[in-house]
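A.B. asks: The structure's right below; bear with me while I get my questions together.
The values are calculated or read from the model by the stated rules, or taken from the named source; none is laboratory data. Treat the numbers as computed from the prediction; the structure is a model and nothing was measured. Cβ coordinates were reconstructed from backbone atoms using ideal geometry, including for glycine residues, and neighbour counts include every protein chain displayed.
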């Protein structure tokens, strides 16, 4: 690992850092004479360096020869792992970033940005005449996990397109590579579907919103909503792909679907409920209004998925072949009372309503597989059996991930008790709208994604891990920032950096590196929770949350 001379405050921590030979304190200058040489296949990083790093530092970074002594060189090296990189800053030779793939080169560029100081995270130079230099270092690095994800819930509170693009940049700065967009729920439908326009005309707006947890008596009595057009989605996917981030869409079925039923009442259980009277839900929790298990519903959602498969191409970036269908928290009361649902159970020879949900999920598992895509869903989808290629998001603790891996399914670990970033960050009364368990920065930093009890073959099914940001009580981007940061920086290190030994992550060292990282977040305009507690304008006095007493459930 790093020698004293080679220490660095990079987050997430690299595998190895060493100083280059020569006197201490040497550095590689970056100035208006610095040229950029990019090998074939590294064009995305070349564009990013000029547009982002060059703009921040006021440097043109013109194209120049590979051998120029004052240069930044981008190369591919098939001797490295696919996302691995080697950054060498050598006085007299410039900076060279070698990557095992174009993505590896890009992650190396993110480290270069950090080595240049917090000013490199601004959009324009604040010290145009300041000398810029990269410490003489060799950084050798590669990710621990392939899937390093962030889920943004844009259904409960809509995040406009510019906010999503901003989070793509924040993910890239932390070497996260999968953006899971939760696009639909009871409280809103957020993506344009040409064949079914009422999904956004009606389903993307609710009349009012409860302020705080569902126990709160407070309401915001104004419409809330919005949606992404087809071109917005294309832009988000392309923007993310330029940064080697795959976008995984989620259309939640058969539960969490009241917004869709409000737009198209025939999708609901019309023999039990007057679905024509339903509106987009304005409350939090789990709506009892679920999709009817009819051919009409199946064909409707095949239309929806068919359009979305075009907007989210399988080859855009890492894990873009996945499509998330939710599959969680589906109340069965309406199906139990519905003659139509009961007839379907009998027709299919199913035992009960739980098997009916498994049939519903299985239909889209087969439908997606036939089109070369892979289904992923919350761990409830395990209950009815899955096609071999399906994967599981394990959110109810570790149990779902263990069961999926032992059954041969790939797993993304995102247990509520560890990495739900809507959960409160401290137990103090000043925490805004406290939700769930206390999950401090250190708690997230010490999260271990590989469940205990798996053998080596089973553990290989753990694709990686994901932090989830549910937005019921996050009314705007400032609240999302507060809940996500700085804990997302700790999570990024869990997902990327090697684990020295079980239980041996150095939190004290991480806190020391965070002293610099807070300045980077400041430069980026991130409204994070300070380590001393919320600022006065970050509090929400009098707004009820859902605090949970006692320790979290066991694994």
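A.B. asks: Take residue 67 and decide whether it is more than 28 Å from the chain's Cα centre (by Cα) and free of Cβ contacts under 8 Å to residues at least 12 places away in the same chain.
C.D. replies: yes
A.B. asks: Residues being under 16 Å from residue 405 (Cα atoms) and touching a residue at least 24 places away in the same chain (Cβ under 8 Å): count how many of those fall in the range 455-470.
C.D. replies: Number satisfying all stated conditions: 7.
A.B. asks: Quick check: anything in the range 42-54 part of a loop (DSSP other than H, G, I, E, B) and closer than 28 Å to residue 124 by Cα?
C.D. replies: Yes, there is a match, as at least one residue in the range 42-54 is part of a loop (DSSP other than H, G, I, E, B) and closer than 28 Å to residue 124 by Cα.
A.B. asks: Can you work out which of the residues in the range 271-303 that are closer than 30 Å to residue 246 by Cβ and out of contact with any helix residue (DSSP H, G or I) (no Cβ under 8 Å at 6 or more places or on another chain) is surrounded by the fewest Cβ atoms within 10 Å (Cβ to Cβ)?
C.D. replies: Here the residue is 299.
A.B. asks: Next up: So which residues in the range 55-79 are more than 22 Å from residue 118 (Cβ to Cβ) and in a strand (DSSP E or B)?
C.D. replies: 63, 71, 73, 74, 75, 76
A.B. asks: Quick test of your reading of the structure: residue 325 fulfils all but one of (1) out of contact with any helix residue (DSSP H, G or I) (no Cβ under 7 Å at 6 or more places or on another chain); (2) assigned to a strand (DSSP E or B). Name the failing condition by number.
C.D. replies: It fails just one condition, (1).
Okay, residues lined up against (1) in a loop (DSSP other than H, G, I, E, B); (2) free of Cβ contacts under 8 Å to residues at least 24 places away in the same chain; (3) at negative phi; (4) not assigned by TED's automatic domain parsing to the domain that holds residue 225:
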{"position": "376", "(1), (2), (3), (4)": "no, no, yes, no"}
{"position": "401", "(1), (2), (3), (4)": "no, no, yes, no"}
{"position": "422", "(1), (2), (3), (4)": "yes, no, yes, no"}
{"position": "425", "(1), (2), (3), (4)": "yes, no, yes, no"}
{"position": "439", "(1), (2), (3), (4)": "yes, no, yes, no"}
{"position": "447", "(1), (2), (3), (4)": "yes, no, yes, no"}
{"position": "453", "(1), (2), (3), (4)": "yes, no, no, no"}
{"position": "472", "(1), (2), (3), (4)": "yes, no, yes, no"}
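A.B. asks: Related question: What residue, of 382, 356, is over 30 Å from the mean Cα position of the chain (by Cα), surrounded by 20 or more Cβ atoms within 10 Å (Cβ to Cβ) and in a helix (DSSP H, G or I)?
C.D. replies: Of the residues listed, the single one that is over 30 Å from the mean Cα position of the chain (by Cα), surrounded by 20 or more Cβ atoms within 10 Å (Cβ to Cβ) and in a helix (DSSP H, G or I) is 356.
A.B. asks: A follow-up question, please. State all residues of the range 279-303 that are in a loop (DSSP other than H, G, I, E, B), free of Cβ contacts under 8 Å to residues at least 60 places away in the same chain and touching a strand residue (DSSP E or B) at 6+ places or on another chain (Cβ under 7 Å); if no residue qualifies, say none.
C.D. replies: 292
A.B. asks: Let me ask something else. Consider residue 513 carefully, then state whether it is modelled with pLDDT of 95 or more and either outside any helix (DSSP H, G or I) or more than 19 Å from residue 443 (Cα to Cα) (or both).
C.D. replies: no
A.B. asks: Hey, another quick one. For the range 137-199, which strands (runs of 3 or more DSSP E) that fit wholly inside it have 2 or more residues that are farther than 22 Å from residue 251 by Cα?
C.D. replies: By residue number, 137-141.
A.B. asks: Which condition from (1) surrounded by 19 or more Cβ atoms within 10 Å (Cβ to Cβ); (2) in contact with a helix residue (DSSP H, G or I) (Cβ under 8 Å, 6 or more places away or on another chain); (3) touching a residue at least 40 places away in the same chain (Cβ under 8 Å) is the one that residue 481 breaks?
C.D. replies: (2)
A.B. asks: Do we have residue 251 as surrounded by 19 or more Cβ atoms within 10 Å (Cβ to Cβ) and assigned to a strand (DSSP E or B) here?
C.D. replies: Criteria met by residue 251.
A.B. asks: What about residue 189, is it buried (at least 18 other Cβ atoms within 10 Å of the Cβ), in contact with a strand residue (DSSP E or B) (Cβ under 8 Å, 6 or more places away or on another chain) and either within 15 Å of residue 474 (Cβ to Cβ) or touching a residue at least 24 places away in the same chain (Cβ under 8 Å) (or both)?
C.D. replies: When the stated conditions are applied, residue 189 does not pass them.
A.B. asks: Please tell me if residue 529 is part of a helix (DSSP H, G or I) and modelled with pLDDT of 95 or more.
C.D. replies: Details: part of a helix (DSSP H, G or I): no; modelled with pLDDT of 95 or more: yes.
So residue 529 does not fit the description; no.
A.B. asks: Answer with yes or no whether residue 232 is in the same structural domain as residue 380 (by TED's automatic domain parsing), surrounded by fewer than 24 Cβ atoms within 10 Å (Cβ to Cβ) and under 24 Å from the mean Cα position of the chain (by Cα).
C.D. replies: So residue 232 passes the test.
A.B. asks: Give the range 26-60 a look and list any residue that's farther than 21 Å from residue 98 by Cβ and in contact with a helix residue (DSSP H, G or I) (Cβ under 8 Å, 6 or more places away or on another chain), or say none.
C.D. replies: Within the range 26-60, 56, 57, 59, 60 meet the criteria.
A.B. asks: Let me spell it out: the conditions are (1) under 13 Å from the mean Cα position of the chain (by Cα); (2) surrounded by 23 or more Cβ atoms within 10 Å (Cβ to Cβ), and residue 165 meets all of them except one. Which number is the exception?
C.D. replies: For residue 165, the exception is condition (2).
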